[in-house]
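Colleague: Got a structure for you, written out below as structure tokens; questions coming shortly.
The values are calculated or read from the model by the stated rules, or taken from the named source; none is laboratory data. Keep in mind that what you see is a predicted model, and the values were worked out from it rather than measured. So basically every Cβ, Gly included, is an ideal-geometry build from the backbone, and we count neighbours across all protein chains shown.
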Amino acid sequence: MKRTLGTCYYPEHWPRSIWEEDARRMVEAGLTWVRIGEFAWSQLEPSPNQYEFDWLDDAIEVLGRAGLKVVLGTPTATPPRWMVDRHPDMLAVDAQGRPRKFGSRRHYCFSHEGYKAECATMVAKLAERYGRNPHVAAWQTDNEFGCHDTTISYSEAARKAFQSWLRVRYPSDGNDGDIAALNQAWGNVFWSMVYDDFDQVDLPNLTVTEANPSHSLAFRLFSSDQVVAFNKLQVEIIRASSDAPITHNYMGRITDFDHFKVGEDLDIASWDSYPLGFLEDRVGADDERQRRFARQGDPDFQAFHHDLYRAVGRGRWWVMEQQPGPVNWAPYNPEPLPGMVRLWTWEAFAHGAEAVCYFRWRQSPMAQEQMHAGLLRPDSIAAPGLDEAIEVAKEISNAPDVAPLQSTVALLFDYDADAAWTVQPHGEGLSYFDLVFSQYRALRSLGLSVDILPTSCRDFDQYELIVAGGLVHMARELKLALANCAAEVFVGPRSGARTGDMRIPVPLPPDLPNFDVTVARVESLRPDMPVNLDGEGLIEGFREKLTGSVEVSIRSEDGSPVVMRSNHLSYVGSCLDLTGWRRLFRNACAKRNIAIVELPDAVRIRDTQTERFWFNSDPIAHDVDGMALPPISVTWQKMPVK
Ligand code: GAL
């Protein structure tokens, strides 16, 4: 596989007279890809059924003729103003029942049939016109599903669609659903919440106190399925007219729809990587860490998503938008340290990205993103990010083809589990993402390259170490597959804690095959009341009381079992701090002879089949395991490493 670079371009924002020059400079910089079109609906259909494609024909021709490959985005994230007049009820509705108005983007509800029909028409027009265009080498559906908290909508359209979805989830022998089955599954006898008919089931917002968690979970799973269906609608239309691969650009730490399910309909996964924005906005690091990495980004956050989206794309993935300088949307928006744009780009390649595209080509002098850097300044002078992109372009033009690594360490990730934690966190601030991310950070801090796997995986043959934390609902087949595989496996906390309908199962969790451990009780802990383990590490936030006859491998200081192990299977009954997870995984690696490298927190390793990459995000040099790592640097060695 060759590594390639690209950028995001908005020809409709710039005079026609500079398109050729822009295209020439992109090629000169060593870029291969240019993504266009994803917000251009008002320019493509300025009024209902009045289409204007000439400018896009021209733009594609200019870019293509210059030697660029075009990724064409469908413009469905920005329906024009007239659309809202046509379908006033297409707007998404927030949990307070307020419509989310026109004037920015993503102002649509995934369940609105009228809007979906409009999208189908627009996508068909584009696909028919450009499906065989030699310059259109890939497609992107919509833009960042779920961005700005838009997966969930409490609209009338969503209510109707939710009821239909429930009828299918709780089927009867006839054509309609079985409301008694729903009442039974959700336990609606509690607080007299029994329904007589699916038409009575409302959305779980604006209830007096919390809604039934079964109801809330069902609504989240439904909302996720609406995204899947919205994407699939577009994909099917594009495929009918084009053989070019189709992707969608996902985001960092957006977990409210099932990306694996969306990914099943796509050829390539891609995501939008804004390391500095994320650190301020969503990593969840403490102040000291935020300050320390303010100009570099968290050394594990991008990597986590690279590995996640490699799984979502079944091996094929890109970074569709890479931060090239300061962004505009985080609480604070510093400039990256020199060298970081290059480092982020190489990090993506080391994790197996086929392409990295910078957002955006030229900084916009207008509207919401005026303070967001591009590769060029608004006056077309090169911004610092461009030099680093050019440097990488030169480096990859001399690099050999690469093959991704088959890792021996795996971490399971499940969007339904995230929904279940969100519905029932049990303690303020407890989140599935934080649990999995801290496990990931611990593995990476030991120098390990990690595969992330969906919970539909049953074949664990290639793995030596598997981590399956927080999987609130676990299918019996998954439990069996993990129990029967040869790897060292860590399950828990909260794994198998609920049925798929969000009830406590009996026998009590985790109910693993031939494994006598029971979660007898759970408690959540204030952030200022961690519990010491008997040795290194802490319990933080969430703790289970474990009983059973299986050997206790780690106890808390007060003598209670925290980790219980039989053969190669361990159940972990608590959320641990980084030190605790590192201790567990370090011991497991020792048992399996998995080589580890203890890394400083700004240094990370990633292996491919041919190279070992070292990333140092510190402005100071490090010497690790005989490797001299200059400040802010990427260093690589040939595999196998001696
Ligand atoms: C992304 C989005 C882009 C742009 C960018 C700014 O989330 O896809 O359109 O808004 O953020 O950082």
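Colleague: Where the second residue is assigned to a loop (DSSP other than H, G, I, E, B) and modelled with pLDDT of 95 or more and the first is among the polar types (S, T, N, Q) and lies in segment 241-260, which pairs have Cβ atoms under 6 Å and are six or more apart or on separate chains?
Modeller: Short answer, once both residue conditions are applied: S241/G131; S242/G131; T247/L266; N249/E144.
Colleague: Still on this structure: If you take just the helices (runs of 4 or more DSSP H) that sit entirely in segment 285-374, which of them hold at least 2 residues that are in contact (Cβ under 8 Å) with a residue 40 or more places away in the chain, touching a Lys or Arg at 6+ places or on another chain (Cβ under 9 Å) and more than 16 Å from the ligand (Cβ to nearest atom)? Talk me through it step by step, then tell me what you get.
Modeller: Details: elements: 287-292, 301-312, 340-350.
Fully inside segment 285-374 and qualifying: 301-312, 340-350.
Colleague: Tell me, yes or no, whether segment 123-146 has at least one residue that is without any contact (Cβ under 8 Å) to a residue 24 or more places away in the chain and not small (G, A, S). Full working, then the answer.
Modeller: At the first step, the residues of segment 123-146 found to be without any contact (Cβ under 8 Å) to a residue 24 or more places away in the chain are none.
There is no residue in segment 123-146 that is without any contact (Cβ under 8 Å) to a residue 24 or more places away in the chain and not small (G, A, S).
Colleague: Can you name the residue in segment 612-642 that is crowded, with 19+ Cβ neighbours inside 10 Å and charged (D, E, K, R) and, of all such residues, is nearest to F349 (Cα to Cα)?
Modeller: Filtering segment 612-642 for residues crowded, with 19+ Cβ neighbours inside 10 Å gives 612-618, 629, 632-634.
Pick out the ones that are also charged (D, E, K, R) and you get 612, 618.
Working: R612: 12, D618: 20 Å.
Out of the qualifying residues, it is R612.
Colleague: Of the residues that make up segment 185-192, is at least one without any contact (Cβ under 8 Å) to a residue 40 or more places away in the chain, under 26 Å from the mean Cα position of the chain (by Cα) and either assigned to a helix (DSSP H, G or I) or crowded, with 22+ Cβ neighbours inside 10 Å (or both)?
Modeller: So in segment 185-192, the residues without any contact (Cβ under 8 Å) to a residue 40 or more places away in the chain come out as 188-192.
Still in the list and also under 26 Å from the mean Cα position of the chain (by Cα): none.
No.
Colleague: Within segment 219-228, take every residue that is touching a residue at least 40 places away in the same chain (Cβ under 8 Å) and away from the ligand (no atom under 16 Å from the Cβ) and give me the one that is farthest from V71 (Cα to Cα). Full working, then the answer.
Modeller: Step one: list which residues in segment 219-228 are touching a residue at least 40 places away in the same chain (Cβ under 8 Å), which gives 219-227.
Filter again for away from the ligand (no atom under 16 Å from the Cβ), leaving 219-226.
Numbers: F219: 34, R220: 31, L221: 30, F222: 30, S223: 28, S224: 26, D225: 26, Q226: 25 Å.
Among those residues, the one meeting the criterion is F219.
Colleague: On the given criteria, is L203 over 26 Å from V123 (Cβ atoms) and away from the ligand (no atom under 16 Å from the Cβ)?
Modeller: Values: over 26 Å from V123 (Cβ atoms): yes; away from the ligand (no atom under 16 Å from the Cβ): yes.
In short, yes.
Colleague: While we're looking at this one, here's another question. Suppose the filter is in contact (Cβ under 8 Å) with a residue 40 or more places away in the chain and in a loop (DSSP other than H, G, I, E, B); does G385 pass it? Let's see the steps before the verdict.
Modeller: Details: in contact (Cβ under 8 Å) with a residue 40 or more places away in the chain: yes; in a loop (DSSP other than H, G, I, E, B): no.
Answer is no for this residue.
This table checks each residue for (1) buried (at least 17 other Cβ atoms within 10 Å of the Cβ); (2) more than 30 Å from A348 (Cβ to Cβ); (3) touching a residue at least 24 places away in the same chain (Cβ under 8 Å).
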{"position": "F542", "(1), (2), (3)": "yes, yes, yes"}
{"position": "E551", "(1), (2), (3)": "no, yes, no"}
{"position": "I594", "(1), (2), (3)": "yes, no, yes"}
{"position": "L599", "(1), (2), (3)": "yes, no, yes"}
{"position": "R604", "(1), (2), (3)": "yes, no, yes"}
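Colleague: Within segment 224-244, track down each residue that is among the hydrophobic types (A, V, I, L, M, F, W, C) and in contact with a strand residue (DSSP E or B) (Cβ under 7 Å, 6 or more places away or on another chain). Full working, then the answer.
Modeller: Narrowing segment 224-244 to residues among the hydrophobic types (A, V, I, L, M, F, W, C): 227-230, 233, 235, 237-238, 240, 244.
V235, I238, A244 - these are the residues of segment 224-244 that are among the hydrophobic types (A, V, I, L, M, F, W, C) and in contact with a strand residue (DSSP E or B) (Cβ under 7 Å, 6 or more places away or on another chain).
Results for (1) away from the ligand (no atom under 16 Å from the Cβ); (2) touching a Cys at 6+ places or on another chain (Cβ under 6 Å), shown as yes or no for each residue.
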| position | (1), (2) |
| --- | --- |
| Y108 | no, no |
| H112 | yes, no |
| Y115 | yes, no |
| K125 | yes, no |
| R132 | yes, no |
| Q140 | no, no |
| D149 | no, no |
| A157 | yes, yes |
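Colleague: Here are some conditions: (1) within 16 Å of the ligand (Cβ to nearest atom); (2) in contact with an Asp or Glu (Cβ under 8 Å, 6 or more places away or on another chain); (3) of a type outside the set (D, E, K, R). A66 meets all but one. Which one does it not meet?
Modeller: Just one mismatch for A66, condition (1).
Colleague: For segment 573-618, what are the residues that are aliphatic (A, V, I, L, M) and within 11 Å of G537 (Cβ to Cβ)? Talk me through it step by step, then tell me what you get.
Modeller: Restricting attention to segment 573-618, the residues satisfying the condition of being aliphatic (A, V, I, L, M) are 576, 578, 584, 588, 590, 594-597, 599, 602-603, 605.
Of everything in segment 573-618, those that are aliphatic (A, V, I, L, M) and within 11 Å of G537 (Cβ to Cβ) turn out to be L576, L578, L584.
Colleague: Hey, any hits in segment 19-42 for a residue that's over 20 Å from Q363 (Cβ atoms), surrounded by fewer than 20 Cβ atoms within 10 Å (Cβ to Cβ), in contact (Cβ under 8 Å) with a residue 12 or more places away in the chain and within 16 Å of the ligand (Cβ to nearest atom)?
Modeller: Yes, segment 19-42 has at least one match.
Colleague: Inside segment 241-284, can you point out the residues that are within 13 Å of the ligand (Cβ to nearest atom) and either over 22 Å from A311 (Cβ atoms) or part of a loop (DSSP other than H, G, I, E, B) (or both)?
Modeller: M251, G252, R253, I254, Y274, L276, G277, E280, D281, R282
Colleague: What pairs can you find where one residue is in segment 197-216 and of a type in the set (V, I, T), the other is surrounded by 11 or more Cβ atoms within 10 Å (Cβ to Cβ) and assigned to a helix (DSSP H, G or I), and their Cβ atoms are less than 8 Å apart, with a gap of 6+ or different chains?
Modeller: V201/F162; V201/Q163; V201/L166; V201/L182; V201/H215
Colleague: Take segment 449-466 and flag every residue that is surrounded by 16 or more Cβ atoms within 10 Å (Cβ to Cβ) and either touching a Pro at 6+ places or on another chain (Cβ under 7 Å) or not small (G, A, S) (or both). Steps first, answer last, please.
Modeller: Kept after step one, since they are surrounded by 16 or more Cβ atoms within 10 Å (Cβ to Cβ), are these residues of segment 449-466: 449-455, 457, 460, 463-466.
Residues satisfying the conditions are V450, D451, I452, L453, P454, T455, C457, F460, Y463, E464, L465, I466.
Colleague: Can you tell me which of P75, P48, P80 is in contact with a helix residue (DSSP H, G or I) (Cβ under 8 Å, 6 or more places away or on another chain), within 16 Å of the ligand (Cβ to nearest atom) and not polar (S, T, N, Q)?
Modeller: Working: P48 fails: within 16 Å of the ligand (Cβ to nearest atom); P80 fails: within 16 Å of the ligand (Cβ to nearest atom).
Only one candidate passes the filter, namely P75.
Colleague: Sort out which residues of segment 413-434 are part of a helix (DSSP H, G or I) and within 15 Å of the chain's Cα centre (by Cα), and write them in order of number. Even if it seems obvious, please write down each step before you answer.
Modeller: Step one: list which residues in segment 413-434 are part of a helix (DSSP H, G or I), which gives 415-423, 432-434.
Of everything in segment 413-434, those that are part of a helix (DSSP H, G or I) and within 15 Å of the chain's Cα centre (by Cα) turn out to be Y415, D416, A417, D418, A419, Y432, F433, D434.
Colleague: Turning to a different aspect of this structure: Check off (1) assigned to a helix (DSSP H, G or I); (2) over 29 Å from F162 (Cα atoms); (3) within 16 Å of the ligand (Cβ to nearest atom) for N231 and give me the number that stays unchecked.
Modeller: Only one criterion is unmet by N231, namely (2).
Colleague: Same structure again: Could you count how many residues in segment 112-161 are part of a loop (DSSP other than H, G, I, E, B) and over 27 Å from the mean Cα position of the chain (by Cα)? Give the steps one after another, and end with the answer.
Modeller: Taking segment 112-161 and keeping what is part of a loop (DSSP other than H, G, I, E, B), we get 112, 131-135, 141-155.
Pick out the ones that are also over 27 Å from the mean Cα position of the chain (by Cα) and you get 131-135.
Selection size over segment 112-161: 5.
Colleague: Out of F162, F145, which single residue is within 16 Å of the ligand (Cβ to nearest atom), among the hydrophobic types (A, V, I, L, M, F, W, C) and buried (at least 17 other Cβ atoms within 10 Å of the Cβ)? Even if it seems obvious, please write down each step before you answer.
Modeller: Details: F162 fails: within 16 Å of the ligand (Cβ to nearest atom).
F145 is the lone residue from the list that is within 16 Å of the ligand (Cβ to nearest atom), among the hydrophobic types (A, V, I, L, M, F, W, C) and buried (at least 17 other Cβ atoms within 10 Å of the Cβ).
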